[in-house]
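Structure record follows, encoded as C-alpha cells.
The values are calculated or read from the model by the stated rules, or taken from the named source; none is laboratory data. Fair warning: this is a prediction, and the values are worked out from it, not measured in the lab. For neighbour counting, all protein chains shown are included, and Cβ atoms are generated from backbone atoms with ideal geometry for every residue, glycine included.
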Amino acid sequence: MSVVLGLHLQSDRVLAAVGPDGSAGESRQVFPASLRWPADTAPTLPDRRNHDAIYRHFVDHIGDPRPLSVPGAPDRLADDLAATLIATVVAAVESSRHEHVSRVLIAHPTYWTVAQLSSFHTSLVGAGLGENRALLLAPDIDVALGWIDHTTGLVGAQQVSVCDLRAESAIVGHARRPRSGHLTAVTAHGYPGLGVSRLDERLGRRVLARSARAGRPVPRHPALLAQVRTICAETRNTLHTGSIRVEVAAPCTRRIEKHNVTIHPDDVYQLARPHSAEIVRALQRCAAPGAEPDRVVLIGSAPRFPLLAEAVAARFGCLVIVPDDPEFACARGAALLAEAAPNPWAALPIPDSVV
C-alpha cells in the first residue's frame with residue numbers, strides 16, 4: 001500500500017493531509033516548522049523538554065545564501081533546513097502509517113520567486129525526497145482553490161477572493177472562473193504582520209497594562225507571558241460575552257507565584273476592528289479594477305477572526321463562504337492534486353525501510 005501526502009508549508013508549521021491512492025479517505029496532522037539539532041548532529045522535530053539548538057522561521061529565509069545560526073547547533077542554509085524538515089515529516093508519516101508515501105505535493109507561499117523555488121527544489125532533491133516518489137510544488141492559493149472549488153455556495157461565482165489568515169501573515173488572492181469551469185488564481189499577495197499573532201500580542205499588552213494600573217502588575221517572566229498570550233488566543237477564538245478572569249502561575253525561587261488577569265470582550269473588538277479593516281483593504285487591492293468578487297472565501301484562521309466576516313460582507317456586499325475544514329484547505333487541496341498527479345515511480349519496488 002502507498003499513500004499520497006499534501007503539505008502546506010507555513011512560517012511556523014507544516015499542515016499535512018494524508019490519503020491512500022485512489023481513495024477519498026484522509027487523515028490530517030500538524031508538525032512544527034522547526035528543527036532541533038541534538039549533540040549527535042541528527043535533526044529531529046523539537047520537543048518541549050529541550051529548547052536549545054532549535055531552528056525556527058527558516059521557511060521565511062528560503063533562497064537566502066547566508067546560513068542561519070542558533071546557539072549549540074551548526075550553521076545551516078534555510079533551504080537545507082526546510083528540505084530536512086519535509087524529509088522528517090515524510091519519514092514520520094511513513095513510520096506512523098507503515099506505508100510508503102508515493103507522491104508529495106508541497107503547497108509553498110505564492111509570492112516565492114523562481115529563484116527561491118529552484119533553490120528549494122534543489123535542496124529537496126538533495127535530501128533524497130525525489131527517490132521512489134513523485135515530488136511536486138505548487139503555490140498555496142492555487143492549491144487551496146482545488147479544495148475550495150468543491151464548496152457549496154460557489155456554484156456560478158465568476159470572481160472569487162480568498163483570505164488565508166495565518167499566525168504571522170495574511171495571504172489574499174483573487175480568482176476567476178474561465179470557460180474551463182475551474183477557479184484559477186489571477187493575483188495573490190502576502191502581507192507580513194497581518195496575522196493573528198499581532199492581535200494576540202496587542203491584547204496581551206493591554207491586559208498586562210490594565211493589571212499594572214490596578215496595582216496588580218504581572219512580572220515579565222517568560223512562563224507568565226506565554227500563558228497570557230495563550231489565554232488571549234483562546235479568548236479571540238471563543239469570544240465570550242462576559243469578562244474572563246484567569247489565573248496565571250510561574251515558578252519563583254522558593255514558590256509558585258500566581259497572578260490574576262482579566263480580559264474584556266471590548267478589548268478584543270477594539271483591537272480586532274482596525275485589524276479587520278486592514279485585511280479588507282488588502283482584499284480590495286488584490287482584486288482587479290472593476291472585478292468585484294461574487295464571493296469571498298475565508299480559510300486558515302480567518303473564519304474565527306473577530307469581526308472579519310462582518311467587515312468583508314459590509315465592504316463587498318456578497319456572500320462570505322467558509323469551506324469545510326478551512327484550517328486544512330491548502331493541505332487537503334494539495335492531497336487532491338497529488339492524488340490526481342501521475343506517479344512515475346509506480347512500477348518501482350517500495351523500500352524495505354517502510355514495509
Please pick out the residue among Asp40, Asp21, Asp64, Asp80 that is modelled with pLDDT under 85, acidic (Asp, Glu) and over 26 Å from Ala329 (Cβ atoms). Asp40
Out of the residues in region 238-273 that are in a helix (DSSP H, G or I) and loosely packed, with under 12 Cβ neighbours inside 10 Å, which is modelled with the highest pLDDT? Asp266
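Per-residue answers, yes or no, for (1) under 19 Å from Leu5 (Cα atoms); (2) in a strand (DSSP E or B); (3) among the acidic types (Asp, Glu):
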| site | (1), (2), (3) |
| --- | --- |
| Ala107 | yes, yes, no |
| Thr122 | no, no, no |
| Val125 | yes, no, no |
| Gly128 | yes, no, no |
| Glu131 | yes, no, yes |
| Gly156 | no, no, no |
| Ser161 | no, yes, no |
| His182 | no, no, no |
Of all the residues that make up region 89-123, how many are closer than 27 Å to Ala170 by Cα, of a type in the set (S, T, N, Q) and in contact (Cβ under 8 Å) with a residue 12 or more places away in the chain? 5
Take region 167-217 and flag every residue that is charged (D, E, K, R) and within 24 Å of Arg273 (Cβ to Cβ). Glu168, Arg198, Asp200, Glu201, Arg202, Arg205, Arg206, Arg210, Arg213
Restricting region 175-187 to residues that are farther than 17 Å from Gly290 by Cα and in contact (Cβ under 8 Å) with a residue 12 or more places away in the chain, the residue that is surrounded by the most Cβ atoms within 10 Å (Cβ to Cβ): Leu183
Which condition breaks for Pro289 when tested against (1) within 13 Å of Asp164 (Cα to Cα); (2) assigned to a loop (DSSP other than H, G, I, E, B)? (1)
Of all residues making up region 65-82, the number that are among the charged types (D, E, K, R) and under 16 Å from His121 (Cβ atoms): 2
Taking region 133-154 as the search range and keeping residues that are out of contact with any Lys or Arg (no Cβ under 6 Å at 6 or more places or on another chain) and in a strand (DSSP E or B), which one is nearest to Leu199 (Cα to Cα)? Pro139
Name the single residue that is farthest from the chain's Cα centre (by Cα) among those in region 66-99 being of a type in the set (D, E, K, R) and surrounded by 12 or more Cβ atoms within 10 Å (Cβ to Cβ). Glu99
Of everything in region 303-319, what is within 10 Å of Leu283 (Cβ to Cβ) and basic (Lys, Arg)? Give them in sequence order. Arg315
Arg315 passes all but one of (1) under 30 Å from Ala134 (Cβ atoms); (2) modelled with pLDDT of 90 or more; (3) of a type outside the set (A, V, I, L, M, F, W, C); which number fails? (1)
